[in-house]
Amino acid sequence: MSFFKSRSLIIDNVIGKLFFLTAMTCLIILSLIMIFLLKEGLPIFKYVSVKDFLTGNEWYPVSDPPLFGTFPLIISSVSVTVLATLISVPLSMAIAIYISEIAGSKVKEIVKPAVEIIASLPSVVLGFFGMVVIAPFLQNVFKIDTGLNMFNASLMLAFMSIPTIASISEDAISSVPQSLKNASYALGANKWQTIFFITLPAALSGIFTAIILGISRVIGETMVVLMVAGGSTLLPKSIFSPIRPLTSNIAAEMAETAVGDAHYNSLFAIGIILFVITFIFNLAAANLSNKYKFKSN
């Protein structure tokens, strides 16, 4: 008996150290990536001040003198992320609530895997769909100059994030104890009152986690915004304005730069900005998640 007990302790110890090693490896890799970004990006501030780089309205890195104003790119990234989130979150919640609380077991067995399969669609396929189908549709319906704009990109990004948010939110909603729902029914609440005032508040921590992952995918997506956002480096005037978010700007121009020049350094500096924006989004969402997790307990 003691042999099996000692063997179990050894296995637990090995697995624990393996997980610790994996976690430390991830941290080291992330730290090295950040160091590389700083090493390649910070030299741009020999040519332009931090203020002008962040607040300048003109991005012409090959002009004479070059202009490295990233403010339109930052606004484009934030705007398309916020708009995509506003579109995807309500739809994702509706899907999650339907699967978890309304659909029968047979329907659930079909719908949930179907939603999760959609998440595996390649981004280039969605970008191509946005170019050849959504862009002409928007152009004809809204009578605009081009269908390659912020709204088109937001629709495609929302479609990308819906499966992730819906699937994880459904898991969080399904994990709410049945006893809470039964107590609500016993007090006279109907099904919808129970869903909105008991189930969803109890699942908010998991829902915010799902939204974090959805936002992370949206703000870091490159191919879709490169194909359907329009590519304009000007400040957007409306949701139908062509834009160029930070990610697509890096992808579009990196092949045109010489290693070590100002243009090259500016693109890595944009990577630093993108890292900071993503960190701020994730930190805010994580704080909300922990806040409601504490309340629900």
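The values are calculated or read from the model by the stated rules, or taken from the named source; none is laboratory data. Keep in mind that what you see is a predicted model, and the values were worked out from it rather than measured. With ideal geometry, Cβ positions are generated from the backbone for all residues, glycine too; neighbour counts draw on all protein chains shown.
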Give the residue that is surrounded by the most Cβ atoms within 10 Å (Cβ to Cβ), with candidates limited to residues of segment 20-60 that are closer than 16 Å to residue 275 by Cα and touching a helix residue (DSSP H, G or I) at 6+ places or on another chain (Cβ under 6 Å). 41
Expected output for segment 10-33 (first residue hydrophobic (A, V, I, L, M, F, W, C), partner surrounded by 10 or more Cβ atoms within 10 Å (Cβ to Cβ), Cβ below 9 Å, 6+ apart or cross-chain) is 33/275
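Going by what's in this entry, would residue 157 be described as crowded, with 21+ Cβ neighbours inside 10 Å and in the same structural domain as residue 93 (by TED's automatic domain parsing)? Lay out the reasoning, then the answer.
Working: crowded, with 21+ Cβ neighbours inside 10 Å: yes; in the same structural domain as residue 93 (by TED's automatic domain parsing): yes.
In short, yes.
Taking residue 121 as the residue in question, decide whether it is at pLDDT below 90, in the same structural domain as residue 281 (by TED's automatic domain parsing) and under 23 Å from the mean Cα position of the chain (by Cα). Spell out the reasoning first.
Working: at pLDDT below 90: yes; in the same structural domain as residue 281 (by TED's automatic domain parsing): yes; under 23 Å from the mean Cα position of the chain (by Cα): yes.
Yes: the conditions hold for residue 121.
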The number of residues in segment 149-164 that are in a helix (DSSP H, G or I) and either of a type in the set (Phe, Trp, Tyr) or out of contact with any Lys or Arg (no Cβ under 9 Å at 6 or more places or on another chain) (or both) is 11
Subset of segment 182-226, residues hydroxyl-bearing (Ser, Thr, Tyr) and assigned to a loop (DSSP other than H, G, I, E, B), comes to 222
Restricting attention to segment 261-290, which residues are farther than 19 Å from residue 30 by Cβ and part of a helix (DSSP H, G or I)? 262, 263, 264, 265, 266, 267, 284, 287, 288, 289, 290
Which residues, counting only those in segment 7-50, are under 21 Å from residue 254 (Cα atoms) and not in a helix (DSSP H, G or I)? 47, 48
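Identify, please: which residue in segment 165-181 is assigned to a loop (DSSP other than H, G, I, E, B) and closer than 22 Å to residue 285 by Cα and is, among those, farthest from the chain's Cα centre (by Cα)?
Among them, the one singled out is 176.
Would you confirm, using the coordinates I've provided, whether residue 86 is under 21 Å from the mean Cα position of the chain (by Cα) and either at pLDDT 90 or above or more than 15 Å from residue 239 (Cα to Cα) (or both)? Give the steps one after another, and end with the answer.
Working: under 21 Å from the mean Cα position of the chain (by Cα): yes; either at pLDDT 90 or above or more than 15 Å from residue 239 (Cα to Cα) (or both): yes.
For residue 86, the condition - under 21 Å from the mean Cα position of the chain (by Cα) and either at pLDDT 90 or above or more than 15 Å from residue 239 (Cα to Cα) (or both) - is met.
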Could you tell me whether segment 260-267 includes any residue that is among the acidic types (Asp, Glu) and crowded, with 20+ Cβ neighbours inside 10 Å? no
Tally the residues that are closer than 17 Å to residue 85 by Cβ and of a type in the set (Val, Ile, Thr), restricting the search to segment 115-160. 0
